[in-house]
Amino acid sequence: MPVIQMPYGRESVSLSIPDHKLIGVFEPRLLPPAPDPAAALRAAIEQPIGVARLRERAREARRIAITIEDATRPVPNALLLDAVMDELQAAGVDPAQVTVIVATGLHRGLSEKEMAESLGRWNGRARIENHDAKNADLVPLGVTRLGTRISLNRTFMEADLKILTGDVEYHQFVGYGGGCKSVYPGLADAAAVETNHSRMDMPGTGSGRYEGNPVRQEIEEVGRMARVDFILSVALDSAHRLVAARAGDPVLAFCENCRDIDRMYAVDVPERADLVIASPGGHPKDLDLYQTQKAMEEATHIVKPGGAVLTFAACPEGTGSKLFETWMEEAFDPRDVIERIHAKFVMGGHKAYQIAREAQRATLHLYSQLPPGKVRGWFMHPVRNVEEAQRLVDGAPTISVLPQATLTHTVLSLARPRPQPK
């Protein structure tokens, strides 16, 4: 009987699943990590896609802005910054000319310790700031073709050279996270961030969708409006090791990384299961319920209608949204939340909607550190120990397993659109 290890926080939980029940353990493909990540990043910067080399573009710049990811992404920020800063110094740039901006969107900012870790050897030499989406001192950018009025971080907009860093991974409605998503919603005003998320059910949206995805294409449009100059983007494996690095044009390099992600994480699933067991992938992807929901949604894509989903997620930081908790506690059943979001979209409320939506598709079970009483009030069934989890396994006729559900893109057919740059 196979023993399956499910990532859980910084540890794992073991389950025994009989062979005759198991449709499959659908994990990312193992592609070889770069033997020397720093060298891989340097090589990407030395051969940029679609634009001149960064050091050539930096010679005349007085103020330079570099974005990094927030704490919800397992990105080696210090390593990426090293590669960019070394290239800038080769152009004669003083680190004091550089401001590193944490592209938070509406997530929490980095702590002082996290900032220092992200800056690495540049700590104290380059400036760093958390973006504040609710700060009135933002610069109006304009209106997109979808009608979104956007303002952006002033430090970023006033820079002579704008550089993005980060990783690419699947995103539940944008298609692929990364690229110019660091600008919008990463550096946008709160109202624009809310508008971005309000479009999560638009036709054409969904994980792994680039072409024809109106929300992703709006993100690219904002990148052009903001005049993003350069990107250093990476694809990471499930152990957070660097597999591929791409640099250059913000769209062309990003799309190359999307293809890297497909090669690793797009998996074909032959049939739906009665029970899908999922994990976001452990720390930091299961920091809170807000992030964990992405794994639940991926699991519901391959569960039978009316089946069950069992998610392993530590959630040491709670739900990640007080408004989520309020909406859930004010609702009698999932339909109340769904009707409420359709009446008026509200950030935080949208995550309540997503879990309510998944609760309509399947019975949700959650193994976590969250209070069991709270979990019940959020339309899920708390699983308090491994024995309870094993009983769910024993009672299910067929089972599929997603140990890295946030990273994985499950495909029930072979037809899958590939990202193409505009």
Cα-projected label distance for Phe332 with Glu388, points at 7 Å along beta-carbon direction, nm: 2.7
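With an 8 Å cut-off on Cα pairs and a minimum separation of 6 or more residues, tell me the relative contact order of the stretch 150-299 in percent.
23
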Integer Hz, Karplus 6.51/-1.76/1.60 couplings in order for the stretch 284-291, x for Gly and Pro: x, 6, 10, 4, 8, 5, 3, 6
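For every helix of n ≥ 4 consecutive DSSP H residues, a contribution of -39,500 (n - 2.57) applies; sum these over the chain, divide by its total residues, and give [θ] at 222 nm rounded to the nearest 500 deg cm²/dmol. Write down the numbers at each step before the final one.
Working: 14 runs with 136 residues, N = 422.
One gets -9500 deg cm²/dmol as the mean residue ellipticity at 222 nm.
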Label-point gap, in nm, between Ala239 and Glu11 - each point 7 angstrom along Cα→Cβ: 2.2
Contact order relative to length of the stretch 227-351, as percent, for alpha carbon pairs under 8 angstrom and 6 or more apart: 18
Equivalent-ellipsoid semi-axes of the chain, from the Cα gyration tensor, Å, largest first: 36, 24, 19
Among beta bridges that DSSP assigns inside the stretch 37-265, antiparallel share in %, nearest 5: 45
Length released on extending from Arg376 to Val139, taking residue separation times 0.36 nm less the Cα-Cα span: 81.0 nm
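In what order do Ser14, Ser400 fall by count of nearby beta-carbon atoms within 10 Å, going from fewest to most? Don't skip to the end; give the middle numbers.
Working: Ser14 11, Ser400 27.
The order, fewest Cβ neighbours first, is Ser14, Ser400.
When a footprinting reagent is the concern and you count Cβ atoms within 10 Å, what order do Thr195, Thr363 take, fewest first? Write out the running numbers ahead of the final one.
Working: Thr195 22, Thr363 17.
Exposure proxy ranking, most exposed first: Thr363, Thr195.
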Space enclosed by the convex hull of the alpha-carbon atoms of the stretch 102-256, per residue, Å³: 122
Antiparallel bridges, percent of DSSP beta bridges restricted to the chain (to nearest 5): 35
Student exercise, the stretch 23-110 dipole from Lys, Arg, Asp, Glu Cβ charges, in Debye to nearest 20: 240
Gaussian network model of the chain, Cα within-10 Å springs - most flexible of Ser321, Ser279, Ser182: Ser321
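Laboratory data are not the source of any read-out in this text; all were calculated from the coordinates shown. None of these values were measured; they are calculated from a predicted model. Cβ coordinates were reconstructed from backbone atoms using ideal geometry, including for glycine residues, and neighbour counts include every protein chain displayed.
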